[in-house]
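Working notes for the structure below.
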Amino acid sequence: MSETSDPELGHRILLIEDNAGDARLVALMLDDAADGLFELQHVDRLEAAWERLPGTGCVLVDLSLPDADGLEAVERLQLLAPELPIIVITGRDDLGIAVEALQKGAQDYLIKGRVDGQLLTRALRYAIERKRAEIALAHQALHDPLTGLPNRALFVDRLEQALVRNARRSSTIAVLFVDLDRFKVVNDSLGHAAGDRVLTGLGERLSAVLRPGDTVARFGGDEFTVLCTDLEDEKEAFAIAERIAGALATPYDLEGAAVVLTASIGIALATADHPSAQSLIRNADAAMYRAKEHGRARWLLFDEAIHKRAVQRLETEVALRRSLDDGDFRLHYQPVVHADGDLVGFEALVRWQHPSRGLVAPAGFIPLAEETGLVERLGAWVLDEACAQARRWLDHPSSGRPLMMSVNVSARQLRSLSMADQVVAALRSCALPPGDLCLEITESALIEDIDATVEALEALHSIGVLLAVDDFGTGYTTLKNLKRFPIDIIKVDAGFVSGLGRDRGDAAITMAVIRLAHALGMTTVAEGVETQEQLELLRTLGCDLVQGYHLGGPLPADEALSRWRIPAGVGR
Ligand code: C2E
Ligand code: CA
Ligand code: CA
């Protein structure tokens, strides 16, 4: 029995065998054939094995021990050291028992008298390698490759186990849902390598502030979950949330720039009435979502109010889906007017004819539609319907000239691969000239991912439709980027217009935007014009087009037409 020589395969073998003769035989075989590869230790009872298990590379176990009968030894070894390869070495040549041993986790089943040194050595090497591969595979399946942290599956498993244990002990279990704010911005602006570094860094910071028994997992994307067990009370969970928020406050060094990232944290507690793992995670997620909406709260504890809101959101989502199938959406049309009074066109604004809530304004469902991806279907319907309406007006006897039809496009829609095809199809199906359609994209949607935006805008521009930046002045577009976008129209955000005549700063900004747009060859639209005074000021500032309640609010198509009695010869 010599020292290990091969660092890769060198292993201590623990032989559990009560027959001294058999034990000596094994030792001789290994000395002969293994050439110092293994270091053999020997005990004669299972009880004596426990303290030797640390540092052991493989166990050779006999099935007839004084303190363990048959496969009981395998079972108990497997329970105590599940990561350890086990080989049964026995006088019993019984296929049934052999199969059962393997099923119980043994790597191999050898029969005394039919083993020689070579065979034994090979069996040991195989058993160790196979176990190692098994463990690596199991690890891979349960861990996130980027951060090395447990993944969603393992987290849920640990939480389930903790809940079962807690049913007996009834201490407090907390699940914390941690989600980075504005992670997408880092990824888009600094690149995926920087994003990856933030995620690994975040994983390390989380692990550093937790107690050894706690679990931190990468739940997906930029979402991390934390499981804390055996808490005294909820205050301990709050303290952990504070520690996490504090740990995240240190800036990240990315490409030499110090980037500060914050996170929103939701907490859900499981106490006596042990809920399911899934519902705890869902509650922590809902609380995180509220914390994010809240903006100023770093963390929030799940409560009844959050529960109600989460249920409402779910109900709204279900109702939205149904309404998309049932065609419960309507378009209202708000006039866009030349500063001197002539009608230029209409902006289509979607409304939801909710089965019980009545007519719902976009603010009540567009954000949720964005989040759930439903906005793509909704947007496609809006586009088709608005084009069809433009065509009907074009064909109307009282109409002489084409009008501009403006359609709002969400960020998600803009970046969907089929957007340009959708636009072409919508125009073609009603033979609408591309120049009659204007697509409005909010400034904040444009700057989400500049390169992708430029590409998407260019595809649309080449179709011949007009492109407008909506809510301009709220998104901080740089001049450099503005020049890269093939934009025809800038819509000055209503926030600046409402200050005209009252706030000199707003007037200065409005004037600057109008000049800038004109210098770049773009047309300006002022939104939210509510008074005659504002209208006159805008005219003085040289604004091209206006829109707002002062000129006319959004109306259903037929009312819009009779109200505006589209005169022949007027338009663009
Ligand atoms: P937006 O594109 O900036 O549209 C202008 C909003 O201001 C409309 O609200 C309009 O009714 C309202 N408005 C018009 N004139 C005035 C005024 O003088 N004063 C004030 N205070 N408000 C005025 P609405 O219809 O509630 O739409 C809100 C937002 O929802 C829109 O803002 C747009 O971003 C979004 N939206 C509307 N329809 C669609 C759509 O079909 N698709 C997408 N993706 N978004 C849409
Ligand atoms: Ca708009
Ligand atoms: Ca707007």
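Residue-wise test of (1) within 18 Å of Ser276 (Cβ to Cβ); (2) touching a Phe, Trp or Tyr at 6+ places or on another chain (Cβ under 7 Å).
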| residue | (1), (2) |
| --- | --- |
| Arg152 | yes, yes |
| Ser170 | yes, no |
| Leu176 | yes, no |
| Arg182 | no, no |
| Val209 | no, no |
| Asp222 | no, yes |
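Against the definition (assigned by TED's automatic domain parsing to the domain that holds Ser406 and out of contact with any His (no Cβ under 9 Å at 6 or more places or on another chain)), how does Ala361 come out, yes or no?
On the way: assigned by TED's automatic domain parsing to the domain that holds Ser406: no; out of contact with any His (no Cβ under 9 Å at 6 or more places or on another chain): yes.
No, not satisfied.
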Among the residues of region 249-263, is there at least one that is under 23 Å from the mean Cα position of the chain (by Cα) and of a type in the set (Gly, Ala, Ser)?
-> yes
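Only residues that are in a strand (DSSP E or B) and buried (at least 17 other Cβ atoms within 10 Å of the Cβ): list them for region 304-337, please. Full working, then the answer.
Just the residues of region 304-337 that are in a strand (DSSP E or B), to begin with: 329-337.
Hits for region 304-337 are Phe329, Leu331, His332, Tyr333, Gln334, Pro335, Val336, Val337.
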Among residues of region 414-440, those that are under 17 Å from Pro367 (Cα atoms) and either within 16 Å of ligand 3 (Cβ to nearest atom) or of a type in the set (A, V, I, L, M, F, W, C) (or both), counted = 2
Long-range neighbours under 6 Å by Cβ, at least six apart or interchain, first residue among the charged types (D, E, K, R) within region 230-242, second open to solvent by 40 Å² or more (accessible area, probe 1.4 Å) = Glu234/Leu269
Within region 421-434, the residues that are open to solvent by 20 Å² or more (accessible area, probe 1.4 Å) and in contact with a Leu (Cβ under 6 Å, 6 or more places away or on another chain) are Pro434
Thr540 meets each of (1) touching a residue at least 24 places away in the same chain (Cβ under 8 Å); (2) away from ligand 3 (no atom under 14 Å from the Cβ); (3) hydroxyl-bearing (Ser, Thr, Tyr) with one exception, condition (1)
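Residue under question is Glu75, and the condition is that it be acidic (Asp, Glu) and touching a Lys or Arg at 6+ places or on another chain (Cβ under 7 Å); does it hold? Don't jump to the end; show me each part of the working.
On the way: acidic (Asp, Glu): yes; touching a Lys or Arg at 6+ places or on another chain (Cβ under 7 Å): yes.
For Glu75, the condition - acidic (Asp, Glu) and touching a Lys or Arg at 6+ places or on another chain (Cβ under 7 Å) - is met.
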Among Glu83, Glu160, which is the only one that is in contact (Cβ under 8 Å) with a residue 40 or more places away in the chain and not assigned by TED's automatic domain parsing to the domain that holds Glu47?
-> Glu160
Ile97 is checked against (1) under 45 Å from the mean Cα position of the chain (by Cα); (2) open to solvent by less than 80 Å² (accessible area, probe 1.4 Å) and fails just one. What number does that condition carry?
-> (1)
When every residue in region 392-412 that is in a helix (DSSP H, G or I) and touching a strand residue (DSSP E or B) at 6+ places or on another chain (Cβ under 9 Å) is compared, the one farthest from ligand 1 (Cβ to nearest atom) is Trp393
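Looking at region 53-66, can you tell me whether even one residue there is without any contact (Cβ under 8 Å) to a residue 40 or more places away in the chain and small (Gly, Ala, Ser)?
In the first step, residues of region 53-66 are kept if they are without any contact (Cβ under 8 Å) to a residue 40 or more places away in the chain; the result is 53-54, 63.
Those left that are additionally small (Gly, Ala, Ser): none.
Among the residues of region 53-66, not one is without any contact (Cβ under 8 Å) to a residue 40 or more places away in the chain and small (Gly, Ala, Ser), which makes the answer no.
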Could you please find all residues in region 136-158 being open to solvent by less than 60 Å² (accessible area, probe 1.4 Å) and under 20 Å from Pro85 (Cα atoms)?
-> Ala136, Ala138
Select from region 102-115 the residues that are within 21 Å of Leu40 (Cβ to Cβ) and of a type outside the set (Lys, Arg) and write down the one among them that is surrounded by the fewest Cβ atoms within 10 Å (Cβ to Cβ).
-> Gly113
Here are some residues: Gln389, Gln353. Which one is more than 16 Å from ligand 3 (Cβ to nearest atom) and surrounded by fewer than 18 Cβ atoms within 10 Å (Cβ to Cβ)?
-> Gln353
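Being over 22 Å from Met522 (Cβ atoms), crowded, with 19+ Cβ neighbours inside 10 Å and within 16 Å of ligand 3 (Cβ to nearest atom) narrows it down to one of Val382, Val409, so name that one.
Of Val382, Val409, the one residue that is over 22 Å from Met522 (Cβ atoms), crowded, with 19+ Cβ neighbours inside 10 Å and within 16 Å of ligand 3 (Cβ to nearest atom) is Val382.
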With the first residue restricted to region 485-499 and required to be over 16 Å from Gly548 (Cβ atoms), and the second required to be within 11 Å of ligand 1 (Cβ to nearest atom) and assigned to a loop (DSSP other than H, G, I, E, B), Cβ contacts under 8 Å at 6 or more apart or on different chains are none
Report the residue count in region 174-189 for those that are surrounded by fewer than 19 Cβ atoms within 10 Å (Cβ to Cβ) and not in a helix (DSSP H, G or I).
-> 2
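Which residues, counting only those in region 431-452, are modelled with pLDDT of 95 or more and either within 11 Å of ligand 2 (Cβ to nearest atom) or touching a Cys at 6+ places or on another chain (Cβ under 7 Å) (or both)? Give the derivation first.
In the first step, residues of region 431-452 are kept if they are modelled with pLDDT of 95 or more; the result is 431-441.
Scanning region 431-452 gives Leu432, Leu437, Cys438, Leu439, Glu440, Ile441.
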Starting from region 137-149, take each residue that is without any contact (Cβ under 8 Å) to a residue 12 or more places away in the chain and list its partners that are in a helix (DSSP H, G or I) and open to solvent by less than 70 Å² (accessible area, probe 1.4 Å), counting only C-beta distances under 9 angstrom and pairs at least six apart or across chains.
-> His143/Leu154
Test: Phe329 is over 29 Å from Lys292 (Cβ atoms), of a type outside the set (Asp, Glu) and at pLDDT 95 or above | no
Kindly check whether there is at least one residue in region 558-569 that is away from ligand 2 (no atom under 16 Å from the Cβ), modelled with pLDDT of 95 or more and hydrophobic (A, V, I, L, M, F, W, C).
-> no
Search result, residues across region 445-489 that are within 25 Å of the chain's Cα centre (by Cα), within 21 Å of Ser406 (Cα to Cα) and either part of a loop (DSSP other than H, G, I, E, B) or within 16 Å of ligand 1 (Cβ to nearest atom) (or both) | Ala445, Leu446, Ile447, Thr453, Ala456, Gly475
Could you tell me whether region 472-482 includes any residue that is open to solvent by less than 10 Å² (accessible area, probe 1.4 Å), in contact (Cβ under 8 Å) with a residue 40 or more places away in the chain, within 16 Å of ligand 3 (Cβ to nearest atom) and touching a Lys or Arg at 6+ places or on another chain (Cβ under 8 Å)?
-> no
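The values are calculated or read from the model by the stated rules, or taken from the named source; none is laboratory data. These numbers were taken from a predicted model, which means no experiment stands behind them. Positions of Cβ are backbone-derived with ideal geometry, glycine not excepted, and every protein chain shown enters the neighbour counts. Accessible surface is based on the protein model in full, side chains and every heavy atom, while ligands, DNA and RNA are left aside. Shrake-Rupley method; radii C 1.70, N 1.55, O 1.52, S 1.80 Å.
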